[in-house]
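Enquirer: What follows is a structure written as structure tokens; I'll ask about it next.
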Amino acid sequence: MGWIWTGMVLLALGAAVLTGQTGALTAAALEGAASAIRLALGLAGALCLWSGAAKALERAGGMRALARLARPVFRRLFPQTAQDETAMGYLTANVAANLLGLGNAATPMGIAAVRRMQQRSGSARATDEMCRLIVLNTASIQLLPTTVAAVRAANGAAAPFDILPAVWLTSVCSVTAGLLAAFLFGRASRA
């Protein structure tokens, strides 16, 4: 990927020099950098807000409540992991953070869950349950797409959360399709 980006930058520089548009290229690069900083600051603020809300939810016992609600579903999706309370805690916290649209906050908990699953399996290969967790994380059902809303707000959207019905529908469809594919490929690999 680094080579591709480097090649694109070099092509842009070469085209600017050949066409005499170096001033326009410089102006565009500076404007792009300024826009990136504005967007990054907007995202950082939203990430801090929602990460703090997730931490407060965790300290108030909300994550445990979510874990109790999700346990029947997780026992069917992750039967071996359901026997390990610590792994289930990480897994539940990961999914809860994804539900709140906190993909960055969910990542460390997902990594911890996969490490715990790998310890239980005793194998260096990814188990079917690990693959299902990766699929669940990648597709992630989001009740509150906070990162997307933060990007929309930073870019001037009047109602950054007006995308909720579309996000809910596509999230459910992608998770369903992903988990179905994971189960089918898991069965095919054992056959």
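The values are calculated or read from the model by the stated rules, or taken from the named source; none is laboratory data. This one's a predicted model, so the numbers in the text were calculated from it and none came from an experiment. Note: ideal-geometry Cβ built from the backbone for every residue, glycine included; neighbour counts use all protein chains shown. Note: areas computed on protein heavy atoms with side chains; ligands, DNA, RNA excluded. Shrake-Rupley method; radii C 1.70, N 1.55, O 1.52, S 1.80 Å.
Enquirer: Once neighbouring chains are kept in place and the probe is 1.4 Å, which whole percent of the accessible area of the chain is contributed by carbon and sulfur?
Expert: Taking all protein chains in place, the chain shows 68 percent carbon and sulfur surface.
Enquirer: In segment 123-167, what trypsin sites (Lys or Arg not before Pro) fall in a loop by DSSP, with at most 15 other Cβ atoms inside 10 Å?
Expert: Answer in residue order: Arg125.
Enquirer: Mind listing the phi-derived Karplus ³J(HN,Hα) values for segment 73-85, rounded to whole Hz, using 6.51, -1.76 and 1.60 with θ = phi - 60°, and x for any glycine or proline?
Expert: 5, 5, 5, 7, 6, 10, x, 6, 5, 4, 7, 10, 4
Enquirer: Keeping all protein chains in position, work out how much accessible area Asp162 exposes to a 1.4 Å probe, and write it in Å² to the nearest 10.
Expert: Accessible area, nearest 10 Å²: 100 Å².
Enquirer: Would you compute, from DSSP H runs of 4+ residues alone, the mean residue ellipticity of the chain at 222 nm, taking -39500 (n - 2.57) per run and dividing by the full residue count, rounded to the nearest 500?
Expert: About -27500 deg cm²/dmol.
Enquirer: Write down the accessible area per residue of segment 1-154 in Å², having rolled a 1.4 Å probe over the full set of protein chains.
Expert: I get 61 Å² per residue for this part.
Enquirer: Under the Karplus relation 6.51 cos²θ - 1.76 cosθ + 1.60, θ = phi - 60°, what is the ordered set of whole-Hz ³J(HN,Hα) values for segment 11-25, x standing for Gly and Pro?
Expert: Here the 3J(HN,Hα) series is 5, 5, 5, x, 5, 5, 5, 5, 9, x, 9, 5, x, 5, 5 Hz.
Enquirer: Solvent-accessible area of Val9, probe 1.4 Å, all protein chains present, reported in Å² to the nearest ten, please.
Expert: 80
Enquirer: In segment 122-161, which residues have a backbone nitrogen under 17 Å from the label point lying 7 Å from Leu49's Cα in the Cα-to-Cβ direction?
Expert: Residues 143-161 fall inside that zone.
Enquirer: Rounded to whole Hz and in sequence order, give me ³J(HN,Hα) for segment 170-175 from the Karplus expression 6.51 cos²θ - 1.76 cosθ + 1.60, θ = phi - 60°, writing x for Gly and Pro.
Expert: Couplings: 5, 4, 4, 5, 5, 5 Hz.
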